[in-house]
Each structure stands twice: as C-alpha cells, then as structure tokens.
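Heads up: the structure comes next, in structure tokens.
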Amino acid sequence: MSVIPDIPETDEVQVPAAAQTLRILSYLAGRPAPVAASAIARELALPRSTVYHLLRTLAAHGFVLHLREERRWGLGTSAFELAGGYARQQPLARLGRPLVAALSDHLGESAHLAVMSGGDVLYIVEERAPRRPALVTDVGVRLPAHLTATGRAMLAALPREQVRALYPEASAFSDRTGRGPRRPGELRELLREVRSRGYATEDGEVAEGLRSVGAVVRDAAGWPVAAVAVTWADDDSAEAELANAVRDTAATLEARLAR
C-alpha cells in the first residue's frame, strides 16, 4: 500500500524528477522486502537509467540502501526518520496519550510511547505512575533502540535488511549497564524471540532493577511507526499480564490510526 499520495499530472510535468523520486519511495515503502531496480523500473514504467540515477542519489542521502550481494534496494534510515518525524507530530501523540494514560492507571505502572529515530528510540508520551521507581525515560529523551523494549518491538517488525543497515557491526552497539546484545548475531537472535513471543522485553539493560515490556504499533501499510511499553521494578508484577495489556493498547492505537 502506498504511503505517499499520487502526484497530480500537472506537477509531474513541471518537476518530473521530484515526482519520480516520490513514486520510487512510495513503491519501496509498500514492499515487504527490498526489490531489484529492474522491478522498480518495470512497475513504475520508468527508464532504467532514470531509476538507477535516482536510487544512487537517494542512497547518497540515506533514503534508500543498496544490498549489493542481493542486488536489491530498500528504504534507508533517512526515510525512517521521515516516518518518525510524522509520528512525533500531533496525530500519534494526540491519539496515544489517553491510551497510555489509561494503561498506566490500569496497571499502576509507568507507561510510555516511543518512535524510532535512526538507531535510537525517542519518547513522545510518558505517564509516570505514583510511588513507582524513577525512570530515565521522558518526553524528548533518546535511548539506544537495541537496549529498550520499545526499540526491540519496532526493530523486530522492520525488514531484516533494514536492521542490518542500522547495526552492520559490533561498533554500532552502545552499552548502559553491561547487558544487552553486543553483535549483529546476538541482536538477530533477540529479535527472533520477539517475533515468536509477540512482544519485546528488557531486563536491566536501560537501568538496573527495572524491567519493561513493549509492543509495536504499525501503520496501515504495516510499517512500525511506534511502540507502547510499561516499565516496572524487577521484583514486582507478572510479565505476562503486563504484556497482554501493552499489546491490547498497541492494537487499539493501531485501529485508531487506521481510521
């Protein structure tokens, strides 16, 4: 499903390169995995030379990535930044805030909503439960995605090639408490567990003594635009109960975004 509206014909005539670039980005956003340049040219009825030129330009600015071994192209981190920028604006925060507040009230634990920003998560809604532990998360705070429940929930929903572009080698992995994945292979295994379980977990990797569970929020095209999470003290509450509530909240937010 396209996430970029059709460009009026008059605009295409006036600025053909801009229209063609938007069509390519829209096409890639609607694909479940990276595709060959020849497929892009065929599906969009564009000259191959034009497609290759635009793809190289987009790649230079991070909007697409080239998987050389597979000879395929997919969305890059700059395109994901655009999605995160949209998510940080009014619609997602406005729709998510009452749901996150209700989740926190229901569970008696702190809850939050975050979006991806490059290799980080950015918190856009934060609800602190009374008499619960202090958290490092707050609106506007960034944390490494691979260490957080919200980040892992979104990473697990991304194409594997996208994750590989964000975490190509060990140097891409930062550390806070000495826990968490340190290599691409460790992250791949962790994300496999997230997909199998249906939600993400984090245990002391952001702050000692605190745990979190998170669930992804997808847009109408199936792209992970955000994640909901709850954080609690390590010796309190049952993970399964909290995870079910978080997943229900994420599903409700998905439904509201699709209206």
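All of Ala226, Ala220 fail the test of being in a loop (DSSP other than H, G, I, E, B), under 16 Å from Leu92 (Cα atoms), touching a Leu at 6+ places or on another chain (Cβ under 8 Å) and touching a residue at least 40 places away in the same chain (Cβ under 8 Å), apart from Ala220. Can you tell me which residue in the range 193-202 is farthest from Ala157 (Cα to Cα), limited to those that are among the charged types (D, E, K, R) and over 16 Å from the mean Cα position of the chain (by Cα)? For the range 193-202, the residue satisfying everything is Glu202.
From the list Val213, Val217, Val246, Val225, the one residue that fits, being open to solvent by 10 Å² or more (accessible area, probe 1.4 Å) and under 22 Å from Pro144 (Cβ atoms), is Val225. The set of residues in the range 195-209 that are crowded, with 21+ Cβ neighbours inside 10 Å and in contact with a Ser or Thr (Cβ under 8 Å, 6 or more places away or on another chain) comprises Ala200, Glu202, Glu205, Val206. Can you name every residue in the range 7-34 that is among the acidic types (Asp, Glu) and at pLDDT 50 or above? If the condition is that a residue be among the acidic types (Asp, Glu) and at pLDDT 50 or above, then no residue fits.
Exactly one residue among Leu103, Leu82 is open to solvent by less than 30 Å² (accessible area, probe 1.4 Å), aliphatic (A, V, I, L, M) and either assigned to a helix (DSSP H, G or I) or at pLDDT 95 or above (or both), and that residue is Leu103. Restricting the range 22-38 to residues that are open to solvent by 30 Å² or more (accessible area, probe 1.4 Å) and more than 20 Å from the chain's Cα centre (by Cα) leaves a set whose member that is farthest from Arg218 (Cα to Cα) is Ser38. Scanning the range 132-171 for residues that are among the acidic types (Asp, Glu) and either modelled with pLDDT of 95 or more or touching a strand residue (DSSP E or B) at 6+ places or on another chain (Cβ under 9 Å) (or both) gives Asp138, Glu161. Restricting attention to the range 172-196, the residues that are of a type in the set (Gly, Ala, Ser) and closer than 13 Å to Pro144 by Cα add up to 3. Find the strands (runs of 3 or more DSSP E) located wholly in the range 106-202 whose residues include 2 or more that are within 20 Å of Asp234 (Cα to Cα) and in contact (Cβ under 8 Å) with a residue 40 or more places away in the chain, and list them. Strands (runs of 3 or more DSSP E) meeting the threshold: 110-117.
The values are calculated or read from the model by the stated rules, or taken from the named source; none is laboratory data. Because the structure is a prediction, the values reported are computed rather than measured. Counting neighbours? That spans all protein chains shown, and the Cβs are built from the backbone with ideal geometry, glycine included. What goes into the accessible areas is simple: the full protein's heavy atoms, side chains included, and nothing from ligands, DNA or RNA. Shrake-Rupley method; radii C 1.70, N 1.55, O 1.52, S 1.80 Å.
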